[in-house]
Amino acid sequence: MAIYPGTFDPITNGHLDIIERSSRLFDHVIVAIAESSEKQPLFDLDERARLIGDTVSRFANVVVETFGGLLVDYVRRRGGIAIVRGLRAISDFEYEFQMALMNRRLDDRIETVFMMPAEAYSYLSSRLVKEIASLGGDISGLVPDAVASAMEERLASRRRSQP
Ligand code: ADP
């Protein structure tokens with residue numbers, strides 16, 4: 001079983017691509033949502049879990065959970081053998097390399113597995129999607145439809161509360 005951890009604020013089609021690839025490689029996959037390092041995430045943990053849950057229900061061996069604390073502790077607790085991470089471009093490498101080696105130092109029985117998404121998603125990030133949506137750009141095809149509507153609603157209510 002593998003754990004795919006991330007912030008997923010919100011889930012994009014790039015994340016989904018990695019989830020689909022992992023679901024073919026591992027018997028079970030847990031998409032594990034962490035608190036956001038940003039002060040104000042667009043969606044709270046439960047909302048992110050619901051949006052991901054709706055999208056991954058088509059994969060029989062994928063479930064969604066939230067977690068706090070050290071990732072390796074969580075992976076051990078759940079009996080996972082691997083951490084899945086996505087690599088888009090060389091710019092991801094430095095950070096992912098550090099995290100993978102630090103996690104190995106914390107527990108060398110847990111392997112980090114990197115996967116590359118389809119090229120079309122290799123320049124896609126949650127941060128960019130939020131930026132485009134907040135400036136009124138078209139994000140269809142970048143995130144699942146349900147996520148695009150949830151983002152529109154959220155951004156509209158933010159605009160109403162902070163004119
Ligand atoms: P984190 O804050 O942990 O980086 P993210 O939700 O941004 O969380 O990303 C989770 C994982 O998914 C990371 O390994 C990231 O590199 C990967 N990822 C993000 N966007 C994409 C994408 N478009 N294609 C492939 N992998 C991606």
If you place +1 on the Cβ of every Lys and Arg and -1 on the Cβ of every Asp and Glu, how big does the dipole about the Cα centre of the chain come out, in debye to the nearest 20? 200 debye
Between 0 and 90°, nearest 10: helix 145-161 axis offset from the chain longest Cα axis: 60 degrees
Just reorder Arg154, Arg127, Arg78, Arg109 by solvent-accessible area, largest first, 1.4 Å probe, all chains present. Arg109, Arg127, Arg78, Arg154
Measure nothing fancy, just the Cα-based angle from helix 90-106's long axis to the longest principal axis of the chain, in degrees from 0 to 90, nearest 10. 50 degrees
Round to a whole angstrom and tell me the spacing of the C-alpha centers of the range 37-64 and the range 129-163. 16 Å
At R0 = 22 Å, how high is the FRET efficiency between Asp27 and Ser125 if r is their beta carbon distance? Nearest 0.05 is fine. 0.15
Built amide H within the under 5 Å cut-off of Val84, gap 5+: Ile3, Tyr4, Val113
Whole-number D in µm² s⁻¹ for the chain, Kirkwood Cα-pair radius fed into Stokes-Einstein, 37 °C, 0.692 mPa s: 200 µm²/s
Could you give the semi-axes, largest first, of the ellipsoid that matches the range 1-96, computed as the square roots of 5 times the alpha carbon gyration tensor eigenvalues and rounded to whole Å? 18, 16, 15
How big is D for the range 105-160, in µm² s⁻¹ as a whole number, if Stokes-Einstein is applied with the Kirkwood radius of its Cα pairs at 20 °C and 1.002 mPa s? 157 µm²/s
Would you please give the FRET efficiency between Leu101 and Lys39, computed as 1/(1 + (r/R0)^6) with r the Cβ-Cβ distance and R0 = 25 Å, to the nearest 0.05? 0.35
With charges only on Cβ, +1 for K and R and -1 for D and E, what is the dipole size of the range 71-163 about its Cα centre, in debye, rounded to 20? 420 debye
Quick one: Debye curve from the alpha-carbon atoms of the range 55-118 only, equal weights, vacuum; give me log10 I(q)/I(0) at q = 0.11, 0.22, 0.28 Å⁻¹ to two decimals. -0.30, -1.06, -1.23
Given Tyr95, Ser149, Gly80, which one lies farthest toward the positive end of the charge dipole of the range 33-163, if we put +1 on the Cβ of every Lys and Arg and -1 on the Cβ of every Asp and Glu? Gly80
Just to be sure I understand: with springs between alpha-carbon atoms less than 10 Å apart, which residue in Leu106, Leu16, Leu45 has the highest mean-square fluctuation in the Gaussian network model of the chain? Leu106
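The values are calculated or read from the model by the stated rules, or taken from the named source; none is laboratory data. Keep in mind it's a predicted model, so treat the numbers as computed, not measured. So basically every Cβ, Gly included, is an ideal-geometry build from the backbone, and we count neighbours across all protein chains shown. Note: accessible area is taken over every heavy atom of the protein model, side chains too, but ligands, DNA and RNA are not part of it. Shrake-Rupley method; radii C 1.70, N 1.55, O 1.52, S 1.80 Å.
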